[in-house]
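The structure appears right after this line, and notes come after that.
The values are calculated or read from the model by the stated rules, or taken from the named source; none is laboratory data. Treat the numbers as computed from the prediction; the structure is a model and nothing was measured. So basically every Cβ, Gly included, is an ideal-geometry build from the backbone, and we count neighbours across all protein chains shown. Accessible surface areas use protein heavy atoms only, side chains included; no ligands, DNA or RNA. Shrake-Rupley method; radii C 1.70, N 1.55, O 1.52, S 1.80 Å.
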Amino acid sequence: MTRPVDLSADIGEVLLTEEAIAARVAELGRRISEDYAGRNLTLVSVLKGSLPFMADLMRQISLPLRIDLMEVSSYGGTATESSGLVRIMKDLSKSIDGEDVLLVEDIIDTGLTLNYLIRYLRGKNPATLRICTLLDKPARRLVEIPVDYRGFEIPDQFVVGYGLDYGEQYRNLRFVGVLRPEVYSIID
Amino acid sequence: MAAGMPPRRAPFAHASEAELARILDFYEVRWTYEPDTFPVGWSLDGDVVESFAPDFYLPDLDLYVELTTLKQKLVRKKNRKLRRLRELYPDVRIKLFYARDFRMLMLKFGRLALADELSGTVGQATPPRAHAADLAPAPIAIAQAAAPDAATDDGEEPEGTDPAGDEAPAGGTRGRRRGRRRRAAARAAEAARRVVVGETEPA
């Protein structure tokens with residue numbers, strides 16, 4: 001029998017506990033419910049990191065809503081090496097023309113991916129397009145993007161858990177933690 | 001290639017700059033390479049003696065980006081010039097990407113090993129053949145091995161190691177790059193000479 005691997009052993013510091021995340025997500029849900037009352041809300045989440053946040057957030061919103069999922073290639077991904085351009089791996093399943101769209105992100109750091117997505121989604125003529133992110137890392141921002149709903153502003157550290165990965169691992173941690181540098185050997 | 005941008009082959013001074021350009025292209029963020037030079041120091045006669053040419057300008061974001069892959073403790077001079085630029089040109093928006101920022105960016109994209117390959121002197125671009133006459137090939141190879149942190153080809157130098165004073169005054173980008181190459185070659189040749197004759201290596 002294989003012994004279970006303790007993923008949390010690779011975490012140097014728990015930045016956001018499960019309880020803190022849940023409380024903040026509930027608060028965001030209340031605010032969104034108030035702001036979008038009487039409107040046609042569509043939550044658009046970006047795979048894969050946003051999945052846990054999306055799942056928790058939508059259940060904290062007390063309004064009729066639609067959800068949709070997108071996936072975009074990331075720089076360095078093997079599937080995109082040949083083109084050298086970002087690609088929509090999974091597009092929206094239904095039109096958002098005239099809808100009030102709330103783009104749900106797990107984390108904003110450089111803003112490059114989000115900047116691309118905003119331009120892409122605006123081309124689909126939503127009535128409104130706003131941004132909701134669980135984590136905001138402004139120190140690393142390259143593209144300034146107005147964030148309408150922000151869970152937590154975090155320091156400039158590499159974090160994993162609650163959907164965020166390193167090498168596709170750690171997404172299933174219930175908290176957000178700082179990965180031990182020795183795991184990825186950052187040397188400054 | 002970013003939408004609406006003509007094909008270009010910018011002669012990057014450093015491999016990390018080429019990598020950042022690829023990242024910007026990937027996300028369709030338009031850029032130009034070293035389009036502007038900002039004077040930041042003048043002599044008593046009014047001549048420009050110090051200037052700063054940020055690596056990238058992102059026109060859609062109205063943002064300059066300077067990328068340095070030197071270790072944190074070696075970027076004091078660049079930080080000082082950046083502060084000066086911000087004092088003199090408060091409307092200019094500029095973001096300095098340190099070595100750590102670049103490594104974290106590569107980590108995010110799962111390409112940390114590449115960051116190690118591209119950082120510091122190791123990542124210096126090989127001078128184009130067209131400019132080979134400006135350089136002294138053999139001493140450069142020796143000097144890079146002898147003094148990996150002494151200087152880079154993109155004007156990054158630790159405090160107090162710039163024998164020529166600083167970057168060239170404001171002028172044509174090509175001329176400035178050529179001037180930097182010449183000074184880098186001169187420094188490399190001097191470092192090589194010291195190694196050959198057994199003198200102390202450059203700090």
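Every pair of different Cα atoms in region A:86-188 enters the Kirkwood calculation, which places the hydrodynamic radius at 15.2 Å. Counting, for every residue in B:97-107, the Cβ atoms of other protein chains within 10 Å of its Cβ and taking the mean gives 4.
Any idea of the total accessible area buried by the B-A contact, 1.4 Å probe, rounded to 100 Å²?
Counting both chains, the buried surface is close to 2900 Å².
Just from its helices, what would the mean residue ellipticity at 222 nm be for chain A, if runs of 4 or more DSSP H residues each count -39500 (n - 2.57) and the sum is divided by every residue, rounded to the nearest 500 deg cm²/dmol?
Result for chain A, helices only: -6500 deg cm²/dmol.
In this entry, chain A is assigned a mean projected area of 12.7 nm², taken as a quarter of its C-alpha convex hull surface.
Among A:24-30, A:167-173, how do they line up by average Cβ neighbours within 10 Å per residue, starting with the highest?
A:24-30, A:167-173
Carbon and sulfur atoms: what percent of the 1.4 Å accessible area of region A:65-152 do they account for?
Values: 1650 of 3500 Å².
Its accessible area is 47 percent carbon and sulfur atoms.
Peptide packing: for A:84-96, A:104-116, the average count of neighbouring Cβ atoms within 10 Å per residue gives the ranking A:104-116, A:84-96, highest mean first.
Nearest 0.05, what FRET efficiency do B:Arg30 and A:Ser33 give at R0 = 30 Å with Cβ-Cβ as r?
0.20
Just add up the charged neighbours of A:Lys90: K/R +1, D/E -1, any other residue whose Cβ is under 12 Å from the Cβ of A:Lys90.
Net of charged neighbours comes to -1.
Strictly over 31 Å apart at the Cα level, which of A:Lys90/B:Lys78; A:Lys48/B:Lys81; A:Lys94/B:Lys95; A:Lys48/B:Lys78; A:Lys137/B:Lys77 would you flag in this model? Beyond 31 Å: A:Lys90/B:Lys78; A:Lys48/B:Lys81; A:Lys94/B:Lys95; A:Lys48/B:Lys78. Solvent-accessible surface of region A:50-161, averaged per residue with a 1.4 angstrom probe and all protein chains in place: 41 square angstrom. Both radii come from the Cα set of region A:34-132: Rg as radius of gyration, Rh as Kirkwood radius; their ratio Rg/Rh reads 0.98. Here the dipole of region A:4-116 is about 420 debye; that uses its Cα centre as origin and unit charges on the Cβ of Lys and Arg (positive) and Asp and Glu (negative). Close amide H partners of B:Leu96, meaning residues 5 or more places away or on another chain with modelled amide H under 5 Å apart, are B:Glu66.
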